[in-house]
Amino acid sequence: MDRTLVERARDGDMDAFEALMKERIDRVYRLSLAIVANEADARDATQEAFVAAWRQLPRLRDADRFEAWLSRLVVNSARMALRARRRRGVREIPAHEILSGLGARDPSIDDGVRLTAALGRLGPDQRAILALHHLEDRPIAEIASILDIPLGTVKSRLFTARQALVRALGDDS
Amino acid sequence: MSQHAWDDERLGRAYTSLAGHQPPRDLTTGIMTAVRASGQVHRHVPAFATRPRWLALGAAAVLVVALVGFVPGALPPGPRGHAHLAVGGIELDYPSHWTLHDQGWAATGRGSPWAILGTLPWDPGCDAGDINCYYREKLQPGTVTVTIGGFASNVTILDTDLENAISRRATIAGMPAIVYDRGRVPGNYYEADLDLGWQIASPESPAQFVTIQAMMRGPGVAELRRDVEAVIASLHFTRPLPSIPPSPGSAVHAVRIAAEALLARDVEARESAGEDASSIYSCLPESLGGSGRATVAYGPGGWLGGPIHVECTATIESIQNLWWRVTFFVVSGDGSTRPGARYTETMWLTPIGDRATTSDEGEVPPALITSGPGAAAAAARAVAIALDNLGSSTPDFYGCFPREPGASRTATISTDPTGLTHYRATRALCSTRVEPKADRSAWRLILTATWKATGSAPAGRLVATLDVDAVGQSGPPIVTGDPIP
């Protein structure tokens, strides 16, 4: 991580912030997508996370914590996007409805579609912890730091989330 | 279509297919447009009309001032001889001959600094954005410096201990505050003759503070103090202060708010743990002040490893007519590894029931390990969690052991249980065994690695024994046997 870029952005240098953002936008978007399971909401959550990062950067004490700090903002933005979606009454489409329109294809892509649909049936916290673990390969200790919960809680939540996901995937098969 | 079960590998591939998604092309532009519109710090608008050198500019200047007044966000001038500052949700007036710095510095150990006011000249060599450069400046004779900032604590202002003799409680801008008068601190780096401080609760939460520190050096300390105290007297919050109406219905309202707050915690716990989970928050008493009982599987930190009985009480109090304080008190009972353990959660709510801050004390310990049907599955689950956790730090040793109790496998070890890495790999047979402890507080996990002699390296055996509780938390391993070659 470029500590200098973070420090410059923290001091109000917008070019530095833009460089930081461009380096991370793919990752942030994918993490958002894995939590909100919807491209429009992932776009909103990504934008919200970066705007929040810019506004709150002056309060980031330790530049080396930028990555974990940004991930926390992303998780929070994605949760907010999910809440907003609930208020809008968006209906989740079951995976089998999507798959029936696609015909036979690459199994891993079908699994991706199933996963997206199954994630839609989990709570925001479960989606977040699964994405941090399976998509971003974050160690348990780092997930604890990002979600601001104890190590043991991460483990038990991850276990429960994994069970819930497999159950949701099974229902959609 | 059905493939294998949803194991780690298949799940990993499915997540990888999500990783192929790219953000929309115009998203970068959209973000930067939003960032530019958002701003990072509050800006000060000078009080033109109060400064004599501006008055000479005549009618044209008056017109400019009038126009500035219509700019959205522009602030009205302060009283004569004073300038006005709006920052961080507060507004105040300060002597117009003081200078203002509000460059939006990074947070420091003193919290987040918003603005620095006063008569202390800054070293011209200092970058205006470098707060530490300012912190190095010593006071010069007859100068004052006032640092204004924000600070979020995990302790509310009402629970903050007073420092004997130098602090007292007060009300500033309608909110609870603590005032510090440290007088002249011997050996003070800044050479201040007077060091004053204010910590004021913000309307958002009793655990968020506006902090103000004023240091001054004589001569003229009395006059400088008056100036600073006038600044504090002018301070007010831009948002309305919280207020609990003293109406006859407020008690009924309070009960409803407390119940809703606890039910909301229950919903949050269920969102994390699953709809069918029974969390401690489901242990709602029938009435405030009464006690409730429940059998629960989820505590404040998550899964408890099995069902335990809990007894709980809840109270609500109006605190200074500003906030509600809901206290939820849980005692663990049968099924717990430590019956009688206490957990207290304190929620501070705004008058309309929004949660302002939450703190907790104590814990809800995990459940006893199960000894009946399902014991083997429960042990396997806890062992898998424990090995995953241990393996995240020393994968080359704990990664050798199978997750299933009673199983063995051959793998390569290059690290000992303490994480010390060896320069050669040892092929070892690793077996996992588990047995319940007599008091059912945990399983005893016994990990045995054996290896044959190769070349000059002798055969050996190493055993790591550790306790694993029902949620998979493990104690420190006790390691005996031979050193890994």
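The values are calculated or read from the model by the stated rules, or taken from the named source; none is laboratory data. These numbers come from a predicted model, not from an experiment. Methodologically, a virtual Cβ is constructed for each residue, glycine included, from the backbone with ideal geometry; neighbour enumeration extends over all protein chains shown.
In the set (1) modelled with pLDDT of 85 or more; (2) over 18 Å from residue B:471 (Cβ atoms), residue B:296 fails one condition alone, (2).
Would you check if there is a residue in region B:407-423 being away from chain A (no Cβ under 14 Å), within 26 Å of residue A:157 (Cα to Cα) and in contact with a helix residue (DSSP H, G or I) (Cβ under 8 Å, 6 or more places away or on another chain)? For region B:407-423, residues away from chain A (no Cβ under 14 Å), within 26 Å of residue A:157 (Cα to Cα) and in contact with a helix residue (DSSP H, G or I) (Cβ under 8 Å, 6 or more places away or on another chain): absent. Note on region B:356-399: among residues that are more than 11 Å from every other protein chain (Cβ to nearest Cβ) and acidic (Asp, Glu), the one that is surrounded by the fewest Cβ atoms within 10 Å (Cβ to Cβ) is B:361. Looking only at residues of region B:366-404 that are in a loop (DSSP other than H, G, I, E, B) and touching a residue at least 40 places away in the same chain (Cβ under 8 Å), we find that the one that is nearest to residue B:468 (Cα to Cα) is B:369.
Just give me the residues in region A:129-141 being facing chain B (nearest Cβ under 10 Å) and assigned to a helix (DSSP H, G or I), in sequence order. If the condition is that a residue be facing chain B (nearest Cβ under 10 Å) and assigned to a helix (DSSP H, G or I), then A:129, A:130, A:131, A:133, A:134, A:135, A:140, A:141 are the ones that fit.
Among residues of region A:33-54 being within 9 Å of another protein chain (Cβ to nearest Cβ) and of a type in the set (S, T, N, Q), the one that is nearest to residue A:129 (Cα to Cα) is A:46.
Contact map, region B:97-121: first residue at positive phi, second residue among the aromatic types (Phe, Trp, Tyr) and modelled with pLDDT of 65 or more, Cβ cut-off under 9 Å, separation 6 or more or different chains; pairs are B:104/B:114; B:111/B:151; B:111/B:209; B:118/B:94; B:118/B:98.
Against the test of being in contact (Cβ under 8 Å) with a residue 60 or more places away in the chain and either in contact with a Leu (Cβ under 7 Å, 6 or more places away or on another chain) or among the hydrophobic types (A, V, I, L, M, F, W, C) (or both), the options A:20, A:31, A:57 yield a single qualifying residue, A:31.
Across region B:473-485, the qualifying residues are those that are touching a Leu at 6+ places or on another chain (Cβ under 9 Å) and of a type outside the set (Val, Ile, Thr), and the one among them that is surrounded by the fewest Cβ atoms within 10 Å (Cβ to Cβ) is B:476.
Here residue B:357 passes the criteria (1) assigned by TED's automatic domain parsing to the domain that holds residue B:440; (2) touching a residue at least 60 places away in the same chain (Cβ under 8 Å) except the one numbered (1).
Residues in region B:278-297 that are part of a strand (DSSP E or B) and out of contact with any helix residue (DSSP H, G or I) (no Cβ under 9 Å at 6 or more places or on another chain): B:291, B:293, B:295. Give, as residue ranges, the helices (runs of 4 or more DSSP H) completely inside region A:1-102 that count at least 3 residues that are modelled with pLDDT of 85 or more. Counting at least 3 such residues, we get A:3-10, A:14-36, A:39-56, A:66-88. Among the residues making up region B:16-33, those that are at the interface with chain A (Cβ under 7 Å from one of its Cβ atoms), at pLDDT 75 or above, more than 16 Å from residue A:74 (Cα to Cα) and assigned to a helix (DSSP H, G or I) are B:30, B:32. Scanning region B:116-160 for residues that are out of contact with any Gly (no Cβ under 8 Å at 6 or more places or on another chain), part of a loop (DSSP other than H, G, I, E, B), at pLDDT 85 or above and of a type outside the set (A, V, I, L, M, F, W, C) gives B:140, B:156, B:159, B:160.
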